Amino acid sequence: MSAVVIAGNGPAAHRLAERLRRNGHRGAITLCGDEQEPAYQRPLLTAVLTGELDADDVRLAALPDDVRVLTGVTVTGIDRRHRQVLTSDGRRHRFDHLVLAVGARTAVPDVRGLRAARGLLAEGVRRLRSLADCREPCVGPTVVLGGGLRGVEAANALASFGHDVTLVYPGRTPLHRHVDARAGGLLARALSEAGVGLLPGRRVTGHGPGVVSLDDGRELPCGSLLLCSGTTPNTALAREAGLAVHRGVLVDAQLRTTDPGIHALGDCAEHQGVVLGGLTHAWRQADRLACLLTGGQERNSDTTDVTVLRPRTQGFDLLALGPKNAFHEGMAEDGEEVVFHDPARGRYARLILYRQRVRAAVLVGLPRAAATVQGLHERGLLVPRDRLAFLSGTSGVYRGQPAPDTSVVCPCNNVTRGTLRAAWDQGARDADRLVSSTGAATGCGTCMPFVREFCAELSREGMVP
Amino acid sequence: MRGVREVMTHCPYCALQCPTRLRSDDEEVEVSPGSLSDGRPGALCRKGWTAPELLRTPDRLLQPLLRGADGELVPTDWDRALDFMAHRLRDLRTEHGSDVVGVLGGGGLTNEKAYLLGKFARIALGTSRIDYNGRFCMSAAAAAGNAAFGLDRGLPFPVTDLEDAQVVLLAGANPASTMPPLLRHLERAQLVVIDPRRTATARRAALHLQPAPGTDLALLQGMLHVAVVEGLVKREYVRERTVGFQGAWQQASAWWPERAEQVTGVPAAEQRAAVRLLAEAERSYVLSGRGIEQHTRGTDTAAALINLSLALGLPGREGGGYGCLTGQGNGQGGREHGQKADQLPGYRPLSDPVARAHVARVWGVPVESLPGPGPSACELLGMLGAPGGPRALLVFGSNPVVSAPHTNHVRERLAALDLLVVADFVLSETAALADVVLPVTQWAEEEGTLTNLEGRVLRRRRLLRPPGQARSDLDVLSGVAARLGQPAERFPTVPRLVFDELRAASRGGRADYSGIDYERLDAGEVLHWPCPTAGHPGTPRLFLERFAHPDGRARFAEVDHCDPAEIPDEDYPLHATTGRLLLHYQSGAQTRRISELAASAPNPFVEIHPDTAHALGLSDGELADIDSANGHVVARVRLDRGIRPDTVFVPFHFPGRGTANLLTGNALDPVSGMPQFKSVAVRVTAHGAAGETA
């Protein structure tokens, strides 16, 4: 029975441990998390910050009793020769399989005044990475630094709870690495309408008590400065152990590092040049690795370079999906581009199709299409022929309407307009008699208003000579 | 009998059991809607209006049939048929033991028949192997309801309560087709409908959520997530009337709506809108149907729906609630009186020593002689004729060759039996395979009771004498029991006497009928179980004070989504889902014999999105081959732009090569034994294009 040690105690590590047991792994499982907290649902931190949820609400379900979870214990080294990890409490843990699920950390820009003594963050500055970061509510005007996914989500959520929020970002629009200028423009408008102050093209150059200064010389009042300025995969542990590291810890399709007994997944792992962030992806990797480590058959590995960006922003919908630079490549031979732009209503769609399948997409303000496009893309299905109907969220018109007199008025009793008309002609001149002679409206009864209306229509017709 | 006669009874079909007035003048039988419990006029759908034709169907079984040496079914008389049957049963039991006989009942049988069938199996045959087709129908919702509330009654409130609802969530239910008159009670409510198809019900909805088949659980988790994060949970109710919220939420906490959207295809914004509608109305109801239940995770999915209702504080109060829309005519009573593999009358667990002692006393048998729980319907069918499995099967009120999943397999198993006996009033597809066919009575030819979807006990009354030699199922059971050496008084044939015994057997059980009798019902009393004493008014609304668990609290369930047993792949790229049509009932054995219904819905079809059909080169009305890993179906293409493009729909009422259940597989819900009818991976091609067909 093999022993599995998991460095990390986040949701992906947690999922891996749970799935290992569920798949029948009988050996020891040990998780080492550097936070003092039991594991929690990281994507819900914004809701803790805004006060929608308590810290207790975001705890993950307890793991089975026979899984050892060490909190406040960091893996400090890997002794590959003896197949052991060294931990911050001075102990060693033997492993047959080691899994690095150590995630990423928020990059702290090199800006005057962000750090206090001993490298800690200065008063009023915080990351949005751990539960500890989110326990205390934001005080005073809040400045969110960074126009990426986390910055946009946090600024939007805080504004919707009435906070005074300003989003400062270097690009022309928020999420400018993921969406084009039109989509970015609509996104900026939506954020602005939600009450977020926007400062595009700006950087923070300094921080002091109650204030940040920007690169154009302006100063902003700032009670809380939230750092959402990008993340860096945690690779030091792997690097020191002699494993191959690029931006993240390099893994193959089976999530193996250059040491086949050591795996990595989630935000710290890099496969084929890409660090695919996001918990949904990390969970999938955890499921796959649990399957591999328990001798199961691997399902199709999702070795993809496609990112799916779907911010959890209430009030407006945005989806960006596709490989990097999909919108900048020349159009392939079987390619097609579809653009739908309705700026007055805040709606925009741009699709790159390849052989009638979605290769890349940006959608704003089209919630139904956003859901549909993800499904079409994920399963490689043909897009509907009526592109406009499907983008605007209706089903297209494919066939003519049935001729009026053959159309069924009462499906329960199969009464058509023609039958009603015939009954009228034979003397059923009010709604009740139409009902009793045709059986219309004697089932579910919902066509009764129509029968009345049609009766009125027939009597009007009757008056015409 | 001469002259015009008239009785007040109920429609023979679905669980709504619409009241009907039947009149007969020796030539014709005429039906009209009766009055509802509050005196208002009732209604009928087209099935109900045309039901009298069933009473004079030309191929009605009039004599018992025995399969002769030449393999043909030939008419015989009752004595010969029952003697033969008893003789074979005795021989098989002597050689192989009591469990060599299996029994399959049905959710259309009256309470009296269901009760006596269970008793017959357990004491006359001594077999543990009895179950019924309600396993395909109500079992998942029943399991989830029992776990959550300590009691399972389809609607724990009168159906008329729905008339005051402001918002009703219909999860996997299409009552506009399956029980149209129900919609009369939903006229005021805004409907939220969960269905992969744009059904007749979905077309009337304020909001239609259209998830991919097999992903309902993820959708419901997303909705619970919304309720929690948006502060819509009724915290006080959750604290005072429930336990286990934290565990349910910990599972749902991973399903923020954007993630649920990726799995289900239901826009996050629509998930939020649906939950807000439900939470912000004063009077909301949540109703479950087969669409979310007939899956390998059916019980968990129904439990997730209950979790959502509990979080919103709906069950157990006036002006709100959770319920499940029972399917078959006596789907409710049929699951309470002992034809279910694990149950004794009164909805008592067969494994409970106290329940066993009580029922053994009523039956006058030693408690040790009662067998234990047996296999669920699909497991039972799967083991027929196999080593150690039943070698004889008795079927009452069920047509598994059409209605059970993976019918190729069912046919194989039936063929492996030494003895197949089918009691029915027409030669159903299953009866056609039997060694002995017993002609029994149908609705307007018999007395009895049924329990409708709201747990109300209704009287079925006799208008006509049974034609030919047709006999009641009660007579059949009594006749066989006597031949197997049972004392005659143990198997009464008068429905009223059987009901009185059922009352005694149910006394003190979850579904306590002991205060209900024919006199009270005939006097027009409206009685919902439990009704424990003669003076008790019945219980129209359950759980108002407390739920049925010992501590009075409802239970949240800790459930999570995982992929369905079959997901589309390269070979079978589409989801198929099976279901019902307005014009047919169950396996269609009855409704296909009614000329008007048969003429309007004569043929099997496959409903498919125009884009999908176009991509496959199929046009409206042409024949298509539908293949799954389990079997092959031929049906006509019917284009419908209301269905998801990744999904096709096949109605299951048809026999032969259009039998939808040729496609479905053997995978079962581990908790309830529910098969997966609503999600199977298929390939659709032009008929004959693949070169070979079955």
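Under 20 Å from B:ARG471 (Cβ atoms) and in contact (Cβ under 8 Å) with a residue 12 or more places away in the chain: does that describe B:LEU420?
yes
Restricting to region B:31-85, give me the number of residues that are closer than 30 Å to B:VAL159 by Cα and part of a loop (DSSP other than H, G, I, E, B).
10
Test of understanding: among B:THR94, B:THR127, which residue is part of a helix (DSSP H, G or I) and of a type in the set (Val, Ile, Thr)?
One residue alone meets the criteria, B:THR94.
So, B:THR264, is that one within 14 Å of another protein chain (Cβ to nearest Cβ), buried (at least 24 other Cβ atoms within 10 Å of the Cβ), in contact (Cβ under 8 Å) with a residue 40 or more places away in the chain and among the hydroxyl-bearing types (Ser, Thr, Tyr) or not?
Against the criterion (within 14 Å of another protein chain (Cβ to nearest Cβ), buried (at least 24 other Cβ atoms within 10 Å of the Cβ), in contact (Cβ under 8 Å) with a residue 40 or more places away in the chain and among the hydroxyl-bearing types (Ser, Thr, Tyr)), B:THR264 qualifies.
If the Cβ limit is 6 Å and pairs must be 6+ apart or interchain, which residue in region B:48-68 that is within 26 Å of B:PRO19 (Cα to Cα) pairs with which residue that is small (Gly, Ala, Ser) and part of a helix (DSSP H, G or I)?
B:LEU55/B:ALA444
Scan region A:22-46 for residues that are assigned to a loop (DSSP other than H, G, I, E, B) and in contact with a Cys (Cβ under 9 Å, 6 or more places away or on another chain) and jot them down.
A:ASN23
Out of all the residues in region B:278-287, which are in contact with a Leu (Cβ under 7 Å, 6 or more places away or on another chain) and either among the acidic types (Asp, Glu) or part of a helix (DSSP H, G or I) (or both)?
Hits for region B:278-287 are B:LEU278, B:ALA279.
Got at least one residue in region A:72-81 being closer than 20 Å to A:VAL4 by Cβ, of a type in the set (A, V, I, L, M), surrounded by fewer than 18 Cβ atoms within 10 Å (Cβ to Cβ) and away from chain B (no Cβ under 14 Å)?
no
Kindly indicate whether any position in region B:147-159 is within 14 Å of chain A (Cβ to nearest Cβ) and at pLDDT 95 or above.
Within region B:147-159 (the criterion being within 14 Å of chain A (Cβ to nearest Cβ) and at pLDDT 95 or above), the answer is yes, since at least one residue qualifies.
Hey, can you tell me all the residues within region B:201-241 that are within 11 Å of chain A (Cβ to nearest Cβ), among the hydroxyl-bearing types (Ser, Thr, Tyr) and in contact (Cβ under 8 Å) with a residue 60 or more places away in the chain?
B:THR215
Table: residues versus (1) assigned to a helix (DSSP H, G or I); (2) not charged (D, E, K, R).
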position	(1), (2)
A:ARG202	no, no
A:GLY217	no, yes
A:ALA238	yes, yes
A:LEU276	no, yes
A:GLN285	yes, yes
A:VAL308	no, yes
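Taking region A:68-105 as the region of interest, how many residues are not polar (S, T, N, Q) and not in a loop (DSSP other than H, G, I, E, B)?
Matching residues across region A:68-105 total 18.
In this structure, does A:VAL143 turn out to be more than 23 Å from A:ASP317 (Cβ to Cβ) and surrounded by 19 or more Cβ atoms within 10 Å (Cβ to Cβ)?
Against the criterion (more than 23 Å from A:ASP317 (Cβ to Cβ) and surrounded by 19 or more Cβ atoms within 10 Å (Cβ to Cβ)), A:VAL143 qualifies.
Would you tally the residues in region B:569-589 being closer than 12 Å to B:ASP646 by Cα and small (Gly, Ala, Ser)?
1
Are any residues in region A:47-67 assigned to a helix (DSSP H, G or I) and either surrounded by fewer than 21 Cβ atoms within 10 Å (Cβ to Cβ) or away from chain B (no Cβ under 11 Å) (or both), and if so, which ones?
Answer for region A:47-67, where residues must be assigned to a helix (DSSP H, G or I) and either surrounded by fewer than 21 Cβ atoms within 10 Å (Cβ to Cβ) or away from chain B (no Cβ under 11 Å) (or both): A:LEU49, A:ALA55, A:ASP56, A:ASP57.
Might you check whether a residue that is of a type in the set (Lys, Arg) and surrounded by 21 or more Cβ atoms within 10 Å (Cβ to Cβ) occurs anywhere in region A:322-331?
So far as region A:322-331 goes, no, none of its residues is of a type in the set (Lys, Arg) and surrounded by 21 or more Cβ atoms within 10 Å (Cβ to Cβ).
Among the residues of region B:242-259, how many are among the small types (Gly, Ala, Ser), within 7 Å of chain A (Cβ to nearest Cβ) and under 13 Å from B:VAL226 (Cα atoms)?
Here the count works out to 2.
Among the residues of region B:25-74 satisfying the criterion of being over 29 Å from the mean Cα position of the chain (by Cα) and either within 14 Å of chain A (Cβ to nearest Cβ) or among the charged types (D, E, K, R) (or both), which is nearest to B:ALA434 (Cα to Cα)?
The qualifying residue nearest to B:ALA434 (Cα to Cα) is B:ARG67.
Can you name the residue in region A:409-421 that is away from every other protein chain (no Cβ under 14 Å) and in contact with a strand residue (DSSP E or B) (Cβ under 9 Å, 6 or more places away or on another chain) and is also modelled with the highest pLDDT among such residues?
Taking the candidates together, the pick is A:LEU420.
Before we move on, is B:GLU270 touching a residue at least 60 places away in the same chain (Cβ under 8 Å), within 9 Å of chain A (Cβ to nearest Cβ), not in a strand (DSSP E or B) and not aliphatic (A, V, I, L, M)?
yes
Mind telling me which of the residues B:ALA140, B:ALA147 ends up being in contact with a strand residue (DSSP E or B) (Cβ under 7 Å, 6 or more places away or on another chain) and in a helix (DSSP H, G or I)?
Residue meeting the stated conditions: B:ALA147.
Would you point out the residue of region B:581-614, among those that are within 10 Å of another protein chain (Cβ to nearest Cβ) and of a type in the set (D, E, K, R), that is farthest from B:ARG198 (Cα to Cα)?
This residue is B:GLU596.
The values are calculated or read from the model by the stated rules, or taken from the named source; none is laboratory data. This is a predicted model, so every value here is computed, not measured. Cβ: placed from backbone, ideal geometry, glycine included. Neighbour counts: every protein chain shown.
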